[in-house]
Amino acid sequence: MSPITNKFSTPQVRLAVTLTALALSASACRFGNRTSEPDTSTVSTDPITGYYETQAKTLTFCTEGATNRCLDTPLDKIPTFFKAAVTNPVGLLLDDPQSGAGYIIASDGSGYNLPTGFASTASIQFAGATSPGTLWDDPACQTHIELNQTGSLSKTASASSSADGLPLTGALTLTMSLLQSFDGDCVPSLTAMEACMSDPTTCGGVDDDENVLYMQAVQEFFQPYLDSGVITSSDIPGLTTLSYEVTYE
């Protein structure tokens, strides 16, 4: 993890749960801990594990609160949390045959991964959530993150191997969404975060350096939603949820 990510994982930091831009997209470690790539040598006894062709097709950002809106967004705006893990081809790993638990793993050796679940040898079903945590520094406002996936696996691929020489098992169709909720009296915390985005002296750090880190982290957290046009900075205090969904085929 980067030095900023390490700083934001310390117990005293107010953004440890909130900032998916750091806590999640940097490593996906909040949800998954698998870092190795699939071992395709076991494919004869494991009907799922392997590399699957897939490409992002649609991206939608949504917001609820003072503004309720969903907007289709160009694919180059896919947040790192999904973009880094779902490569083409992407690795699928069946980790526990009894429960169907497994992982989605980047095929580029980066170690990015997401947990998943296999409802059958041909379908993905997964729903996971973090425990609630304080959003900023006011326990009256709690936040949590939900990750949901549905998809299907086909054993038909366009070729026997990818351009990088990875053996292809088939193709993956996937719909994946991430939702972050803000529960309770969150207007004061969100108002403080909006102010911190543009004025580091309002961020409440112990010194100028920490204030800059807070500002950068808050900017990174909200920037994908601002870039998509689904919110403006003035919408932030009234938010109740932020979410995005990507479909792959």
- prompt: From the square roots a ≥ b ≥ c of the eigenvalues of the alpha-carbon gyration tensor of the range 63-123, which class results: rounded (a/c under 1.5), prolate (a/b over b/c), or oblate?
  reply: oblate
statement: Length gained if Thr240 through Ser154 is fully extended, taking 0.36 nm per residue and subtracting the Cα-Cα distance, is 27.2 nm
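Classify the range 148-249 from the C-alpha gyration tensor, please: rounded if a/c falls under 1.5, else prolate or oblate depending on whether a/b exceeds b/c. Provide the component values of the computation, followed by the final result.
Values: a/c = 3.78, a/b = 2.26, b/c = 1.67.
Judged from the Cα gyration tensor, the range 148-249 comes out prolate (a/c at least 1.5, a/b above b/c).
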- line: Taking a crude spin-label model, label points 7 Å out from Cα along the C-beta direction, the Ala127 to Gln219 distance in nm is 3.8
field: Virtual spin-label span in nm between Ala119 and Thr232, 7 Å along Cα→Cβ
entry: 4.1
message: At 7 Å along Cα-to-Cβ for each site, give me the label-to-label distance between Glu210 and Asp96 in nm.
response: 3.9
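Sort Val218, Val187, Val206 so that the residue with the fewest other Cβ atoms within 10 Å of its own Cβ comes first and the one with the most comes last.
Numbers: Val218 25, Val187 18, Val206 8.
By the 10 Å Cβ count, ascending: Val206, Val187, Val218.
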field: Average Cα contact separation per residue, the range 188-249, under 8 Å, 6 or more apart, as relative contact order %
entry: 34
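In what sequence, highest mean first, do 194-202, 144-152 appear when ranked by Cβ atoms within 10 angstrom? Before the final figure, lay out each step's value.
Working: 194-202: 16.7, 144-152: 18.6.
Top of the packing list down: 144-152, 194-202.
Values quoted throughout were computed directly from the atomic coordinates according to the rules given, and no laboratory measurement underlies them. The shown structure was predicted, so the numbers you read here are calculated from the model rather than taken from an experiment. Cβ: placed from backbone, ideal geometry, glycine included. Neighbour counts: every protein chain shown.
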